[in-house]
Amino acid sequence: MVGLKEELLKSIWHAFTALDLDRSGKVLSHNLCTVLNVPHDPVALEEHFRDDDEGPVSNQGYMPYLNKFILEKVQGNFDKVEFNRMCWTLCAKKNLSKNPLLISDEDAFKVWVIFNFLSEDKYPLIIVPEEIEYLLKKITEAMGAGWQQEQFDHYKIALNTSREGLSAWELIDLIGSGQFSKGMDRQTVSMAINEVFNELILDVLKQGYMLKKGHKRKNWMERWFVLKPNIISYYVSEDLKEKKGDIILDGNCCVEALPDKDGKKCLFLIKCLDKTFEIISSQSLLRKLLTALHGSPLSPAAIQSTVSLLRAGSAPPHKEARQKRKELRQKLQAEQEELERQMRELQAANENKQKELETVRKQLEAAAARAAEEEKKRLQTQVELQDRFSLELEREKMVRQKMEEQVAQKSSELEQYLQRVRELEEMYKQLQKALEDEKQARQDEETVRKLQARLLEEETAKRAELEKWHLQQQQTIQMTEAEKQELENERMMKEQALQVAMEQLKQLELERKEALEQYEEVKKKLETAANNTKSWKDKVAHHEGLIRLIEPGSKNPHLITNWGPAAFTEAELEQRQRSWKGKKATST
């Protein structure tokens with residue numbers, strides 16, 4: 001209802017500004033109530049227009065009455081064309097140009113209504129150049145002529161230099177002058193204006209001849225169909241004088257194509273909730289030409305597109321396009337204002353920077369003058385000091401030359417002595433390293449022996465424990481059925497423990513293998529250390545002759561197991577076998 005109120009206000013504004021309110025305010029109000037189907041309120045009307053000092057004598061006085069007693073009661077059940085024609089009648093005589101125009105009064109009325117639709121929502125009403133271009137393009141396309149963009153650009157430049165846009169009467173003069181319709185006759189221009197009027201004001205999306213099948217007699221009759229956003233009206237002919245019916249469209253309607261039958265082609269159905277309409281697109285060449293003269297031809301695809309817009313809750317294409325153009329203009333205007341604001345800020349910042357730079361320049365000039373004076377003094381002092389230091393430097397050079405000769409002689413003697421010391425130290429370090437490697441190899445061998453012994457003991461203990469659990473399970477199996485039921489849970493727990501023990505046993509075997517590998521590595525290191533010790537024996541004896549190398553002692557032969565050399569002797573093995581047998585006898 002807000003959009004409808006804005007549309008009504010534009011037409012009323014034209015009528016209101018053309019009348020003398022003191023004499024004709026009542027007439028305007030009465031006519032508005034009549035064409036808008038609003039109940040009359042004679043008491044409120046007389047009270048508002050009473051002849052005293054508080055009566056309305058301006059727009060501010062009349063608008064409260066208009067909003068409260070007329071516009072707020074409008075329900076939309078009125079004829080928009082009749083309403084606009086009433087407002088046109090009140091304002092056209094006073095404002096319409098007396099110069100001869102190439103369009104009729106009826107065409108001027110339609111241009112005036114289109115102006116109200118495309119004008120900006122601010123008063124006094126004007127139409128901006130972008131909307132003028134849109135309207136002229138629509139009229140030119142409807143006439144079948146080519147659009148002269150360069151001509152309009154020149155006109156737009158001349159218009160922008162003097163004003164923001166055109167009033168309704170200036171727009172009528174522009175179209176009526178034929179400036180953008182040269183070479184076209186009055187009838188062609190009139191038909192083009194009527195086509196644009198039907199699309200923008202009457203919401204006519206498509207129109208044309210089609211055949212419709214009757215619901216009762218089942219015969220095919222040719223009708224002139226007019227498609228609007230929520231209704232399809234069909235008439236006897238294109239003059240729209242005799243209306244035959246309506247097809248109400250909503251989101252539940254659908255369009256369905258039918259196969260050709262009985263020699264008829266282009267059949268389709270329009271299915272609504274209460275009725276189904278069977279229609280054929282017109283195939284007559286004459287009818288197609290008549291349809292083309294009234295704009296884009298009506299087709300099943302156009303009807304389906306309209307139903308889709310209803311389902312989506314979208315506005316008609318021309319209204320949605322107008323809203324998008326308006327939003328784009330507002331966006332561009334906001335961007336332009338923001339750009340101007342930024343330019344002003346940049347200009348102010350630039351001026352401030354210029355002032356700061358001027359101040360800095362003066363400060364730099366003063367600082368440069370002071371620096372030049374100080375530089376002059378510094379240079380004078382530097383020359384004096386340079387002469388003094390030159391004399392001292394000559395004396396120091398002579399003293400340093402003598403000292404360098406003495407140092408060179410002493411350095412040569414010291415270098416020979418230090419070379420001898422470094423050779424002895426290097427030989428001692430290498431001998432010390434060989435001894436440390438041999439010692440470390442023996443310690444690693446002993447560690448591996450102890451680790452193998454500990455792993456074997458743990459393996460023995462685990463095996464004994466496994467044998468014990470195995471015996472306990474055998475005893476449990478010999479129990480009675482009643483005891484089996486009670487001990488079932490305990491057996492499951494022991495099986496789990498057995499599984500864990502098996503996993504631990506496997507882990508111990510893996511660790512024992514790793515220990516065996518470590519033993520092999522230690523053995524290799526020991527052999528390497530022994531070789532290094534032997535190689536250094538002669539060198540040390542040559543220099544000192546007093547150091548004796550420590551050699552590894554003899555080793556007893558090792559036992560061989562399934563996993564390699566054992567880490568125990570035969571006596572230790574016999575002792576452990578006796579220990580296993582004793583534990584086994586105890587468990588049984």
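The values are calculated or read from the model by the stated rules, or taken from the named source; none is laboratory data. What you see is a predicted model, and the numbers here were worked out from it, not measured in a lab. We place every Cβ from the backbone using ideal geometry, glycine too, and count neighbours over all the protein chains shown. Note: areas computed on protein heavy atoms with side chains; ligands, DNA, RNA excluded. Shrake-Rupley method; radii C 1.70, N 1.55, O 1.52, S 1.80 Å.
Which of (1) 12, 22, 12, 6, 8, 15, 16, 8, 2, 0; (2) 12, 22, 12, 6, 14, 24, 9, 0; (3) 18, 47, 26, 6, 2, 1, 0 is the computed P(r) over Cα pairs in 20 Å bins from 0, in percent for the structure on display?
Recomputing P(r) over Cα pairs in 20 Å bins from 0, in percent here gives the entry labelled (2).
Arrange the residues M191, M143, M427 by how much accessible surface each exposes, largest first, with a 1.4 angstrom probe.
Numbers: M191 80, M143 25, M427 45 Å².
Sorted descending by solvent-accessible area, the residues read M191, M427, M143.
Between I157 and D121, take the C-beta separation as r, use R0 = 41 Å, and let me know the FRET efficiency to the nearest 0.05. Before the final figure, lay out the partial values.
Details: r = 26 Å, r/R0 = 0.63.
My answer for the efficiency is 0.95.
May I ask you to compute the full-extension gain from C272 to K513, defined as 0.36 nm times their residue separation minus their alpha-carbon distance, rounded to one decimal in nm? Could the numbers behind the result be given before it?
On the way: separation 241, 0.36 × 241 = 86.76 nm, distance 8.79 nm.
Fully extending the segment from C272 to K513 adds 78.0 nm.
Enumerate the aspartates and glutamates that K377 could reach by cross-link, defined here as Cα to Cα under 17 Å, with residues fewer than 8 away along the same chain left out.
The reachable aspartates and glutamates, counting only those whose Cα sits under 17 Å from K377, are D387.
Leaving out ligands and nucleic acids, and using a 1.4 Å probe, what accessible area per residue does the chain come to in Å²? Intermediate values should be presented prior to the final figure.
Details: 39050 Å² over 588 residues.
Here the per-residue accessible area is 66 Å².
Under a Cβ-only charge scheme (Lys and Arg +1, Asp and Glu -1), can you give me the dipole magnitude of the chain about the Cα centre, in debye to the nearest 20? Walk me through the numbers before you get to the answer.
Numbers: 93 positive and 100 negative charges, 380 e Å.
Computed charge dipole of the chain: roughly 1820 debye.
Could you tell me which of rounded, prolate or oblate describes the range 442-519, using a ≥ b ≥ c as the square roots of the eigenvalues of the alpha-carbon gyration tensor, with rounded for a/c under 1.5 and, failing that, prolate when a/b is larger than b/c and oblate otherwise?
Numbers: a/c = 5.84, a/b = 3.56, b/c = 1.64.
Here the range 442-519 falls in the prolate category.
Check cross-link reach from K402 to the aspartates and glutamates: straight Cα distance under 19 Å, and skip same-chain residues fewer than eight apart.
Within the straight-line cut-off, K402 pairs with E392, E394, E413.
If we count every other residue with Cβ under 12 angstrom of D250's Cβ, Lys/Arg +1 and Asp/Glu -1, where does the sum land? Intermediate results must be reported in sequence, preceding the final value.
Working: positive: K271, R311; negative: D274.
Here the charged neighbours net out to +1.
Between Q485, L357, I103, whose Cα lies farthest towards the positive end of the dipole of the chain when Lys and Arg beta carbons carry +1 and Asp and Glu beta carbons carry -1, centred on the Cα centre?
Of the candidates, I103 comes out farthest on the positive side.
Taking the Cα-to-Cβ direction at Q440 and at Q419 and moving 7 Å from each Cα, how far apart do the two end points lie in nm?
3.3
For the range 295-345, build the charge dipole from Cβ charges (+1 Lys, Arg; -1 Asp, Glu) around the Cα centre, then report which of L339, G313, S299 sits farthest towards its positive end.
S299
Once the piece of chain linking E242 and E130 is laid out straight, how much longer is it, given 0.36 nm per residue of separation minus the C-alpha distance between them?
Answer, rounded to one decimal: 36.5 nm.
Whats the longest run of the chain with zero trypsin sites (Lys or Arg not before Pro) that are DSSP loop and have at most 14 other Cβ atoms within 10 Å? It would help to have the intermediate numbers written out before the result.
Numbers: sites that count: R50, K98, K122, R163, K182, K216, R217, K218, K241, K265, K275, R548, K555.
The reported range is 276-547.
Can you tell me, using C-alpha contacts under 8 Å and at least 6 residues apart, the relative contact order of the chain as a whole percent?
Working: 488 pairs, mean separation 45.0, N = 588.
Computed over the chain, the figure is 8 percent.
Using a basic spin-label model with each label point 7 Å from the Cα along Cα→Cβ, how many nm lie between M502 and M403?
Spacing of the two 7 Å Cα→Cβ label points: 8.7 nm.
Please report how far the C-alpha centroid of the range 308-355 lies from that of the range 429-459, rounded to the nearest whole angstrom.
Centre-to-centre (Cα) distance: 87 Å.
Which percent of the accessible heavy-atom area of the chain goes to carbon and sulfur, probe 1.4 angstrom?
Values: 20450 of 39050 Å².
Here carbon and sulfur together make up 52 percent of the probe-accessible area.
Using 7 Å Cα-to-Cβ label points, what is the E488/V81 separation (nm, one decimal)?
Here the modelled spin labels are 9.5 nm apart.
Based solely on its DSSP helices, what 222 nm [θ] is calculated for the chain when runs of n ≥ 4 H residues each add -39,500 (n - 2.57) and the sum is averaged over all residues, nearest 500 deg cm²/dmol? Before the final figure, lay out each step's value.
Working: 15 runs with 395 residues, N = 588.
That comes out to -24000 deg cm²/dmol.
Beyond 24 Å between alpha-carbons counts as too far, so tell me which of K137/K324; K523/K581; K93/K156; K10/K94 fall in that bin. Could you put the intermediate results ahead of the total?
On the way: K137/K324 17 Å; K523/K581 34 Å; K93/K156 29 Å; K10/K94 17 Å.
Beyond 24 Å between Cα atoms: K523/K581; K93/K156.
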